[in-house]
Structure formats: C-alpha cells, structure tokens
Amino acid sequence: MAPGLQLDYFDGRSARPQRAEIHLQDGRLRLTCGLQQQQYLLRSVRWPERQRHGQRQVLLPDGGVLSCADASAWDEWARASGLRDSLTVRWMQNWRLVGAALLLLLATLLSAWRWGVPLATEAALRWLPPTIEQQIGTQALAQLETSWLRPSQLGAAAQEGLRHRFAALVARAHPQGDAPAYRLHFRAAPDTLGPNAFALPGGEIVLTDALVALMHDRPDAVLGVLAHELGHVRLRHGLRQAVQASLVSALAGLVVGDFSALLAGMPVLLTQQAYSREFERQADAEARRCLLAAGISPRVMLEFFERIAKTDQHAAANRLPIAFSSHPADSERKRFFNDAP
Ligand SMILES: [Zn+2]
C-alpha cells in the first residue's frame with residue numbers, strides 16, 4: 001500500500017478547505033476526501049517550485065489545490081512515494097549544480113569572446129564595404145584634426161621628397177601593384193604626439209613634423225616607420241581592432257542588454273585602443289620586408305628606436321595608443337630589425 005498524506009484540499013469552488021488524503025499509485029495521484037475519490041494523472045498535476053521552508057502546494061488540473069502546512073511531513077511522504085521534484089527545483093536547491101551552471105555560462109561567454117569574436121570579426125571585415133572603412137578612418141582623422149593635429153610646418157619640397165621616396169619604396173615592395181591605397185598626411189602635433197606616425201582604417205597615414213625632424217639625417221628610418229604604418233593599413237588592423245572591441249562590448253551588452261552605438265563608436269574606439277602585440281609584430285615584419293625590397297638595411301630602425309627613447313613619450317602613449325612611438329621598442333623588436341639579412 002502506497003503511503004498516504006493528510007492535507008487540506010480546496011476544490012476550486014469554495015474557499016473552505018476540506019481534510020483529504022493523497023496517495024501516489026501507478027503514475028496517478030489519488031485523492032480521498034470524505035467519501036469522494038478522485039484520480040489525476042501525475043503529469044497533469046503542477047508542482048510549483050518549492051521553497052525550503054513554508055507550505056507545499058499542488059495545483060490540480062480541475063482547479064483544485066492541495067496544501068500541506070507540514071513541510072517535513074510532505075517531504076517524508078514525497079520521498080517514501082518516490083516523488084521527485086522537478087529537475088529545476090532540485091537544481092536550484094543544489095548549490096553545486098548552480099555553481100556548475102554559472103561556470104558553464106562563464107565558459108560559454110569566454111569561448112564566445114576567445115573564438116566567437118575573432119570569427120565574427122573576420123566575417124564582419126569581409127562584409128564591411130571599403131567605403132565604410134574609409135568613412136570610419138576619415139571621421140577619426142577629422143576628430144584628431146580638431147583636437148591635436150595642426151598644419152605641418154614642413155616645407156613643400158621636404159614633403160614632396162618624402163612622399164616620392166615612400167611611393168618608390170611601396171612600388172618596389174609591391175611589384176604586382178597590390179599595395180593598399182593610402183594617403184600620407186603631414187601634420188604638426190608638438191605638444192601632444194611628439195615624433196610620431198599612425199595609420200587609420202581606409203589608409204590615412206599621419207606623420208608628424210617632429211618625427212621628420214628627429215630623423216632629418218636618416219630619412220630611411222622615416223620610410224621604415226611609414227612602411228610599418230602601411231602594414232597596419234594592409235592588414236586592416238585598425239578596423240579589425242575597432243570591430244573586435246565593438247563585438248566585445250556587444251557581448252557585454254548581451255549581459256546588460258545595451259546594444260547602442262556599435263558602429264558609431266568606432267572612430268572614438270580607434271583613438272583609445274592600442275594595437276595588440278601580434279598586430280605590431282605583423283606591421284614590423286611588413287616594414288622590414290618593404291625596407292629590404294627597397295634595398296635599405298632594416299638596421300636603420302635601431303637608430304630611430306635609440307633616438308625616440310631619449311624623447312619624452314609619456315604624452316604620446318597616453319593620448320594615442322595606436323601611434324608608432326606609443327609602444328617603445330623592446331629587445332625583441334630591436335633584435336627583429338637587427339637580425340635582418
Ligand atoms: Zn604599430
């Protein structure tokens with residue numbers, strides 16, 4: 001005989017409880033109330049999530065409610081009857097399972113960040129038309145023009161000379177004519193960027209007067225810096241990084257529910273983030289390849305690193321992390337240019 005449990009029964013028509021007894025048998029809940037007997041299929045009965053304390057309630061399909069004030073008597077009956085709480089309830093009462101679920105969620109978010117974001121970034125880069133890329137670059141440049149960049153004080157002949165030499169280097173490094181489009185802008189930013197250069201998506205490359213002055217007797221080093229920036233352009237590092245950062249904030253938005261300003265924030269993002277170490281390595285490799293192709297020894301960069309180390313680069317590092325001299329040359333970087341054939 002299945003164990004029984006005494007409890008209150010509300011028939012759904014009257015607010016007056018009646019004393020009743022329930023049994024579980026053959027997948028059915030059998031209810032005895034006075035002389036009346038009723039049966040309900042177990043799967044038609046709803047067992048609302050229970051709290052650890054407080055009364056237990058059962059909702060019957062005909063609108064009736066069973067209520068048991070004695071929680072421990074209920075639990076004992078449920079155990080003896082082989083009644084299992086719904087999976088969710090048992091999960092929620094088991095902190096180990098809750099912890100595991102949280103870990104799983106965290107792992108999902110982490111792998112979305114680690115693998116999903118790079119994959120989505122690649123897809124976005126393939127899908128984003130060049131006009132958008134250029135727009136983002138032009139907007140970012142316009143923003144920088146209003147804040148830090150001033151017209152260059154460099155003479156027209158000096159500008160033309162560097163333009164010409166860089167164009168020749170690019171042509172020699174890309175004999176197939178597959179060089180990315182770029183526009184070279186000479187600008188002054190004496191109090192902010194110092195001797196510097198940077199590239200924006202779409203091919204805007206900015207070179208400061210101070211850098212030209214710093215390497216006045218070694219213009220080949222200026223070409224090396226520009227080739228590094230062209231590497232960032234060719235490999236679309238700026239856009240890649242801005243898309244990636246936007247996706248990460250969108251991923252965070254999944255959690256807090258804020259998707260606003262995804263594309264609109266990119267020009268600002270560009271000016272706030274530093275390139276990853278990997279991007280810098282790739283741009284350096286591009287610079288070295290271009291210098292070698294143009295018959296210039298990559299060691300010319302060592303002189304540049306030495307001179308830049310003597311200038312105060314704090315301001316530049318804080319203001320425009322993507323700029324060339326915001327990431328000082330470590331020994332690995334120096335070795336890379338030194339070991340060139
Ligand atoms: Zn760089």
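For (1) touching a helix residue (DSSP H, G or I) at 6+ places or on another chain (Cβ under 6 Å); (2) touching a residue at least 60 places away in the same chain (Cβ under 8 Å); (3) among the charged types (D, E, K, R), each residue gets a yes or a no:
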site	(1), (2), (3)
Leu193	yes, yes, no
Phe198	no, yes, no
Glu204	yes, yes, yes
Met215	yes, yes, no
Pro219	no, no, no
Leu235	yes, no, no
Leu239	yes, yes, no
Gln244	yes, yes, no
Ser249	no, no, no
Filtering segment 284-341 down to residues that are within 15 Å of the ligand (Cβ to nearest atom) and loosely packed, with under 15 Cβ neighbours inside 10 Å, which residue is modelled with the lowest pLDDT?
Pro328
The condition from (1) touching an Asp or Glu at 6+ places or on another chain (Cβ under 6 Å); (2) farther than 16 Å from Ala242 by Cα that Leu226 misses is numbered (1)
What is the residue count in segment 105-155 for residues that are of a type in the set (S, T, N, Q) and either outside any helix (DSSP H, G or I) or surrounded by fewer than 13 Cβ atoms within 10 Å (Cβ to Cβ) (or both)?
7
Filtered residues of segment 253-283 (kept if part of a loop (DSSP other than H, G, I, E, B) and either within 16 Å of Pro201 (Cβ to Cβ) or at pLDDT 70 or above (or both)):
Leu262, Leu263, Ala264, Gly265, Gln273, Ala274, Tyr275, Ser276
Within segment 156-252, considering only strands (runs of 3 or more DSSP E) that don't extend past its boundaries, which have at least 1 residues that are crowded, with 23+ Cβ neighbours inside 10 Å and not polar (S, T, N, Q)?
197-200, 204-208
Please enumerate the residues belonging to segment 184-223 that are within 14 Å of the ligand (Cβ to nearest atom) and polar (S, T, N, Q).
Asn196
Going through (1) modelled with pLDDT of 90 or more; (2) outside any strand (DSSP E or B) one by one, Arg43 fails only at (1)
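The values are calculated or read from the model by the stated rules, or taken from the named source; none is laboratory data. Since we're looking at a predicted model, the values are computed, not measured. Please note: Cβ atoms are built from the backbone with ideal geometry, for glycine as well, and neighbour counts cover all protein chains shown.
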